[in-house]
Structure formats: C-alpha cells, structure tokens
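The values are calculated or read from the model by the stated rules, or taken from the named source; none is laboratory data. Owing to the predicted nature of the structure, the values given are computational and were not obtained by experimental measurement. Neighbour counts run over all protein chains shown; Cβ positions are idealised from the backbone, glycine included. These area figures cover heavy atoms from the full protein model, side chains too; ligands, DNA and RNA do not enter into them. Shrake-Rupley method; radii C 1.70, N 1.55, O 1.52, S 1.80 Å.
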Amino acid sequence: MLGKQKYIVHLCTGGFAHMARLLGNTIVYAAATNRRVIPVAHNHSAFGLPFYDVFEPVSNSGPMADKYESAQVLRSRIMLDPFGDTVVGELSATWRAEADHKSTNGAHRTSYALQLGRRTAEYALAIDVRQQEFPGIQLTTGEYAHTSRYKVSSRLFEDCQLSERFKSYIVDRSKIFDPNCVAVHWRNTPDKMEPIEKLTSEVASALNFCPTANIFLATDNSLSRNELQCRFPTTSVLTLTPLPDLTQGHFRNLHSIPESQLLSQLGITKADQIGYALADIWCLSRGQHFVPSNSEFSKLSAMFRSAPVLIGRFFGSPDS
C-alpha cells in the first residue's frame, strides 16, 4: 500500500547527460518537498530501458528509495491517483502531450496531461513554477525556469550508484584504458558540430605538457577518429565505443538512432549504447588532461573530474 506518500513523476528527455542533469534537479526538489521520484525512462527513445536496470539507490530512504517507475507500477496493475492520495487498481493511464503554448516570455512550452478514464490532470513541466497541484502526484521534466540550461547537478550520482550489470562495462574498459592520456570529447554530429580547429589547438597545448601521452577520444561519429588522427599523425588516437557513420541516414545525433539500426549497423543494443556512454564518461573523468566540447556530456564528465570521490562512489572500483 502506497498510503499518503507524495510523488513526482519525472519524464526523461534528451541524451544521457541531459537526462541526468534534469533528473538531479527533480531529486533535489523532491527531497525539499518530501516526495518520492518515479522516473519514466523505459519509453524514452534515448534511454529505452527501465531506469533501475541502470541505477541502484544507495539508501533505503530519500527520493529514489522506493524504486517505483512507470513500467513497474503498471505491471503491478497499480497507479497513483493524481486526483487524491489514494491508490487505484485496474487503471489504464496514459500520458499525452498537448499542443505547444507560448509562455509569457515568448518561448514555446509543451504541457502534459495524465488521463485516467474520463478524468484528466494537466501539468506544467517546470518544477519552480506553480503546477496545478494534486495531493498525490506531480509531473515534471526537471527544468528550472530561472537557472542555467547547463548547470550540472551531481544529485543523481549521490543518491544512486551504477547497477552491477552496467559496472561490467567499466570493468571491461578499465582493462584497456590508460589514464596517462589527453581525454577528448568531440561532439561531431549534424545537430552539434564542434569546430575541429578549436579542438586541435587545445589538444596540441595538452600534448606540449605531456608529449608521450596518447589521445583518448569519446565522440558520436565514426568519422571523428580519422579526422583527429590526420591532425596528429604521430600520436595514437583511441576510440573504444562502436559508432555509426551519421552521414548515412537521417539521424541528427547518436542517441536518436533506434535499436533496430544499432543492431543492424553495429551489432549492439540500446543497453550497450548506454553502457558505452557511461564508460566514455568514466574515461573522460580520469584522463590526465581533458579537452571538452560545449555539451552536457562534457560538463557531466567535468563534474566527475571535480569530484573524484564521486567517481568511485558511482562507478565503483573496476579492480575490486
């Protein structure tokens, strides 16, 4: 019985780092308002897995402790009633996105609704503006209207650790990754392409300090490695994540590629894609020098670099 506990449903959006930042916001808000978080990740195209397949709460109390998520709640034929604080069984619940509405500052916002039979609860998504309040449940994507778009929250990685299943990707990577390297993240896709000139200038500066170091490259396009290798022909450029050629097809970024194409092109699943992304973050956080892109993936890696204790706490020790 779920009782009178209050909840906030978090709709996961964006790529992995974007999702982690916004979910961190939601966890902070939930802790301040004594709510438990229900992350909706399994039907998000960039994630595509039950949230708790990847993350494991580190505490028996706090916003993430119940390990409720939409797939589990629906499988158990129980859904929280947003019109009160009771538990409703045998309930068919659907989320639907309404048409875009212009806010007062001219920006477009999508409102969401939870429809339970003939009743509908509508929600604003920003968690620092007044939502249409219902005692049992709130809905958000974790956006704060008045904070920086790229402000990285570490809260998700403080409240959760990597599941044993996904720690195996870190263990495998640790066997071949040398931290004595220039760790480079290069966004090189149609929706966000970093200029190679800026990147190579920063890599060259790092190699001046450590001329014997190799280059570890985390990127989202299979063409990136050869481009960077051509600029540094006497330095080994290492990529460890299977990547597609994004010039083939109609996908603007790596996380938008459906699992069927990942399987046919690369022989990997969506779970593998997430595991490799986590392994790349682990490598970027541990390289001797770091050359970032202007992206949330780089900012998440920089956050781990600034908090070494968090690296071990979240990823675990690959040698143990």
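Give the residue, chosen from Thr269, Thr239, that is in contact with a Leu (Cβ under 9 Å, 6 or more places away or on another chain), open to solvent by 10 Å² or more (accessible area, probe 1.4 Å) and under 21 Å from Met19 (Cα atoms).
It is Thr269.
Sort through Leu228, Leu284, Leu246 and tell me the only one that's more than 15 Å from the chain's Cα centre (by Cα), at pLDDT 95 or above and buried (at least 20 other Cβ atoms within 10 Å of the Cβ).
Every option except Leu284 fails the conditions.
Working only within region 287-320, note down all residues that are in contact (Cβ under 8 Å) with a residue 60 or more places away in the chain, over 16 Å from the mean Cα position of the chain (by Cα) and more than 17 Å from Lys192 (Cβ to Cβ).
Gly287, Gln288, His289, Phe290, Ala307, Leu310, Arg313, Gly316, Pro318, Asp319
Could you list, in sequence order, all residues of region 160-179 that are under 30 Å from Pro211 (Cα atoms) and in contact with a Gly (Cβ under 8 Å, 6 or more places away or on another chain)?
Tyr169, Ile170, Pro179
Determine, yes or no, whether Ala30 is touching a Phe, Trp or Tyr at 6+ places or on another chain (Cβ under 6 Å) and surrounded by 17 or more Cβ atoms within 10 Å (Cβ to Cβ).
no
Check Ser45, Ser92 and return the single one that is at pLDDT below 85 and either among the aromatic types (Phe, Trp, Tyr) or farther than 25 Å from Phe315 by Cα (or both).
Ser92
Which count do you get for residues in region 33-50 that are without any contact (Cβ under 8 Å) to a residue 40 or more places away in the chain, in contact with a helix residue (DSSP H, G or I) (Cβ under 6 Å, 6 or more places away or on another chain) and open to solvent by less than 30 Å² (accessible area, probe 1.4 Å)?
Of the residues in region 33-50, 3 are without any contact (Cβ under 8 Å) to a residue 40 or more places away in the chain, in contact with a helix residue (DSSP H, G or I) (Cβ under 6 Å, 6 or more places away or on another chain) and open to solvent by less than 30 Å² (accessible area, probe 1.4 Å).
Does Thr212 satisfy being within 30 Å of Ser317 (Cβ to Cβ) and free of Cβ contacts under 8 Å to residues at least 40 places away in the same chain?
yes
How many residues does region 249-266 contain that are open to solvent by 40 Å² or more (accessible area, probe 1.4 Å) and either closer than 17 Å to Phe297 by Cβ or at pLDDT 75 or above (or both)?
Residues in region 249-266 being open to solvent by 40 Å² or more (accessible area, probe 1.4 Å) and either closer than 17 Å to Phe297 by Cβ or at pLDDT 75 or above (or both): 12 in total.
Which one is farthest from Arg286 (Cα to Cα), of the residues in region 174-198 that are of a type in the set (S, T, N, Q) and at pLDDT below 85?
Applying the filter and picking the extreme gives Thr189.
Restricting to region 287-320, give me the number of residues that are open to solvent by 50 Å² or more (accessible area, probe 1.4 Å), closer than 25 Å to Asn25 by Cβ and hydroxyl-bearing (Ser, Thr, Tyr).
1
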